[in-house]
Amino acid sequence: MSSDRLDAGLGSLAIEIPDEGRDRLRAYLALIEKWNKVHNLTAIRNPDRMLVEHLLDSLSIIAHVQPVRILDVGSGAGLPGIPLAIARPDWQITLLDSNHKRCTFLRQAVIELDLRNAAVICDRAEAYRPGHAFDTAVSRAFAETQHFARVCAANIASTGVLLAMKGLYPHEEIAQLPANVSLKAVVPITVPGLDAQRHIVIMTRA
């Protein structure tokens, strides 16, 4: 992955990350590449595509995330939680996933990247009951918007937000939102280098 492409992408998103953080982002992608050879964490193998479709896509939502406690639901390979943890070391990120193989990777990534602001929870989102409320719960690939909202609304603060990362505008999913959430906005997101639609569905507790 080209450092110039990473720098250009961060510049397009207007995100300031010091050199140490940029090194961590590159190390994170290298770790995904390494584990992908055995564990098939992601279908994307090309480093330049991973830069765009993993890192920059994850960081494109940063302006909509309410600090400081963030729950990444169905984190998978750590997306968007790990890039957010690297970019914003003052945020506290919880990476939630029910798959033990992925959780093993997440724990290793947290150790190797020295992410002191990230914690891994291996549990189903439907069963997870934290001892505190989150300011933001975000889902990139966990489930349809209405299911994410139904399952996770109870885990955010009364002033918190639910963020569902989507491709095309999810008309049908929004029409099925449960009564316990309110739709705040659906915002189009531009990901540098990605020629595809992206939207973020922003919801609050009803």
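The values are calculated or read from the model by the stated rules, or taken from the named source; none is laboratory data. The shown structure was predicted, so the numbers you read here are calculated from the model rather than taken from an experiment. Glycine gets a Cβ as well: all are built from the backbone with ideal geometry, and neighbour counts include every protein chain shown.
Would you call A153 surrounded by 14 or more Cβ atoms within 10 Å (Cβ to Cβ), out of contact with any helix residue (DSSP H, G or I) (no Cβ under 9 Å at 6 or more places or on another chain), modelled with pLDDT of 95 or more and not aromatic (F, W, Y)? Taking the combined requirement at face value, the residue satisfies it. Scanning segment 187-206 for residues that are hydrophobic (A, V, I, L, M, F, W, C) and under 17 Å from H147 (Cα atoms), we see that the one that is nearest to the chain's Cα centre (by Cα) is I200.
Within segment 89-104, residues that are farther than 9 Å from G74 by Cα sit with their Cβ atoms under 7 Å from residues that are polar (S, T, N, Q), at 6+ positions apart or across chains, in these pairs: P89/N117; W91/N117; Q92/N117; I93/N117. Within segment 21-41, identify whether any single residue is part of a loop (DSSP other than H, G, I, E, B), out of contact with any strand residue (DSSP E or B) (no Cβ under 6 Å at 6 or more places or on another chain), at pLDDT 95 or above and buried (at least 17 other Cβ atoms within 10 Å of the Cβ), and answer yes or no. No: segment 21-41 contains no residue that is part of a loop (DSSP other than H, G, I, E, B), out of contact with any strand residue (DSSP E or B) (no Cβ under 6 Å at 6 or more places or on another chain), at pLDDT 95 or above and buried (at least 17 other Cβ atoms within 10 Å of the Cβ). The numbered conditions (1) surrounded by 13 or more Cβ atoms within 10 Å (Cβ to Cβ); (2) touching a Ser or Thr at 6+ places or on another chain (Cβ under 6 Å); (3) without any contact (Cβ under 8 Å) to a residue 60 or more places away in the chain; (4) more than 29 Å from E20 (Cβ to Cβ) are all true for A119 except (4).
Counting only helices (runs of 4 or more DSSP H) wholly contained in segment 43-138, the ones carrying 3 or more residues that are of a type outside the set (D, E, K, R), at pLDDT 95 or above and out of contact with any strand residue (DSSP E or B) (no Cβ under 6 Å at 6 or more places or on another chain) occupy 81-87, 100-112.
Exactly one residue among D90, D114, D97 is surrounded by 14 or more Cβ atoms within 10 Å (Cβ to Cβ) and among the acidic types (D, E), and that residue is D97. How many of the residues in segment 173-206 are out of contact with any Phe, Trp or Tyr (no Cβ under 6 Å at 6 or more places or on another chain), surrounded by 13 or more Cβ atoms within 10 Å (Cβ to Cβ) and not in a loop (DSSP other than H, G, I, E, B)? Of the residues in that region, 14 qualify.
Of all residues in segment 156-172, none satisfies being of a type in the set (G, A, S), more than 15 Å from the chain's Cα centre (by Cα), more than 30 Å from K34 (Cα to Cα) and assigned to a helix (DSSP H, G or I).
Determine whether D48 is surrounded by fewer than 17 Cβ atoms within 10 Å (Cβ to Cβ), on the phi < 0 side of the Ramachandran plot and in contact with a Lys or Arg (Cβ under 8 Å, 6 or more places away or on another chain). Criteria met by D48.
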